[in-house]
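To keep things clear, I will list the structure first and then write my remarks on it.
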Amino acid sequence: MKSMRNLFKYVMIVAAGAIVFYACSKDKSESSTVPSGKQQLSLYLTDGPTDFFDKVNIDIKSVKVLVDTCDKSRRRREDDSVQCKVWDSLSIKPGVYDLLSLRNGIDTLLAGGVVTDGSIRRIVITLGTNNSIVKDSVNYPLNLLNGQTITIKLYGNEWENFSTGHYRLWLDFDCGRSIVQLRNGQFSLVPFIRAFIVKESGAVKGVIKPGNSRSIITVFNATDTAYALPFGDGEWKVRGLNTGTYSVYVNAGNGYQDTTINNVSVTVGKETNVGTITLHK
């Protein structure tokens, strides 16, 4: 498919690992007052799905951030150096969760908390060892190639300042790109993650009928590509898109014919509803 270069704000993954979530739809501390010299962070997780696996079970232990307290501008900075380092831990609920339940516009709070004021330059996620995938109803261990952590490098401008002292960011975990099957039949995790802000991106949604068509949705143009795996009722959604004109390709299964809808207009800050797409055999 097309290049994904401009689909989200880029983050760099410099160590192998994975992310999980805990089931909390809203950070209750978002409305609280932030003390002087501090900032409130809310980190949300969503999934770029794959139809290759039935489940992607990931074990999360902790999340922490590296704050550059000498740089409070939060403007994009290409320089990778951190002048004044402060590491702060975010609150999470440790456990093993299925990432594939977070798709079609569903997200959940991964981590949050009050940390030192400044530009966030790193997010570090520490994993446990109880990671696995389920494929064709068979459970396989998921190996971590480069240790138990992933480090996400940020430019400093990624977070949305949605109220005084409160910042939030969404992470898209692309399961399809992040899991590699080796020649010996084992599976390894090589995380592919992008960061985005909901209000600074557009979305496309719709419904595929019949619901048992087992379709894969691709939303693409010359620079962006994103995927959706509809729920059982056929509903699907793709977020994190730039403004532009896209095509929606339905790769149908169960004997149904593929179909494409062209000239779908996407605008940042809005959802474009393509309605019901009825497939035929």
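The values are calculated or read from the model by the stated rules, or taken from the named source; none is laboratory data. In this text the structure is predicted, and so the values were computed from the model without any measurement. Here Cβ is always computed from backbone atoms with ideal geometry, including for glycine, and neighbour counts include all displayed protein chains. The protein model used for the area step is the full one, side chains on, heavy atoms only, and it has no ligands, DNA or RNA in it. Shrake-Rupley method; radii C 1.70, N 1.55, O 1.52, S 1.80 Å.
Exactly one residue out of LEU100, LEU110 is surrounded by fewer than 22 Cβ atoms within 10 Å (Cβ to Cβ), touching a residue at least 24 places away in the same chain (Cβ under 8 Å), farther than 15 Å from ASN157 by Cα and not hydroxyl-bearing (Ser, Thr, Tyr), and it is LEU100. In summary, TYR246 fulfils each of the numbered conditions (1) hydroxyl-bearing (Ser, Thr, Tyr); (2) at pLDDT 90 or above; (3) within 17 Å of the chain's Cα centre (by Cα); (4) crowded, with 20+ Cβ neighbours inside 10 Å with the single exception of condition (3). For first residues located in segment 241-269 and in contact (Cβ under 8 Å) with a residue 60 or more places away in the chain, partners that are open to solvent by 60 Å² or more (accessible area, probe 1.4 Å) and among the acidic types (Asp, Glu) and lie 6+ apart or on another chain with Cβ distances below 8 Å form the pairs VAL268/GLU200; GLY269/GLU200.
Of all residues in segment 133-146, those that are open to solvent by less than 60 Å² (accessible area, probe 1.4 Å) and within 21 Å of the chain's Cα centre (by Cα) total 5. Filtering segment 77-118 to residues that are modelled with pLDDT of 85 or more, part of a loop (DSSP other than H, G, I, E, B) and either within 23 Å of ARG239 (Cα to Cα) or of a type in the set (A, V, I, L, M, F, W, C) (or both) leaves CYS84, ILE92.
The set of residues from segment 27-74 being farther than 29 Å from SER132 by Cβ, in a loop (DSSP other than H, G, I, E, B) and at pLDDT below 85 comprises just one member, SER32.
Scanning segment 83-96 for residues being open to solvent by less than 50 Å² (accessible area, probe 1.4 Å) and either charged (D, E, K, R) or in contact (Cβ under 8 Å) with a residue 40 or more places away in the chain (or both) gives a total of 4. Give the residues of segment 257-281 that are part of a loop (DSSP other than H, G, I, E, B) and either crowded, with 19+ Cβ neighbours inside 10 Å or charged (D, E, K, R) (or both), sorted by residue number. Once the filter is applied, which keeps residues that are part of a loop (DSSP other than H, G, I, E, B) and either crowded, with 19+ Cβ neighbours inside 10 Å or charged (D, E, K, R) (or both), segment 257-281 yields ASP258, LYS270, LEU279, LYS281.
Selection of segment 154-178 for residues being open to solvent by 10 Å² or more (accessible area, probe 1.4 Å) and of a type in the set (S, T, N, Q) yields ASN157, ASN161, SER163, THR164.
Kindly evaluate ASN254 against the criterion of being out of contact with any Cys (no Cβ under 6 Å at 6 or more places or on another chain), open to solvent by 60 Å² or more (accessible area, probe 1.4 Å) and in a loop (DSSP other than H, G, I, E, B).
yes
If you filter segment 197-228 down to residues that are charged (D, E, K, R) and on the phi < 0 side of the Ramachandran plot, you find that the one that is surrounded by the most Cβ atoms within 10 Å (Cβ to Cβ) is ASP224. Among the criteria (1) farther than 21 Å from GLY240 by Cα; (2) modelled with pLDDT under 90, the one TYR155 does not fulfil is (1). Could you check, for segment 192-203, whether at least one of its residues is of a type outside the set (A, V, I, L, M, F, W, C) and over 27 Å from ARG122 (Cα atoms)? No, every residue in segment 192-203 fails to be of a type outside the set (A, V, I, L, M, F, W, C) and over 27 Å from ARG122 (Cα atoms). Filtering segment 191-238 to residues that are assigned to a loop (DSSP other than H, G, I, E, B) and free of Cβ contacts under 8 Å to residues at least 24 places away in the same chain leaves only GLY232.
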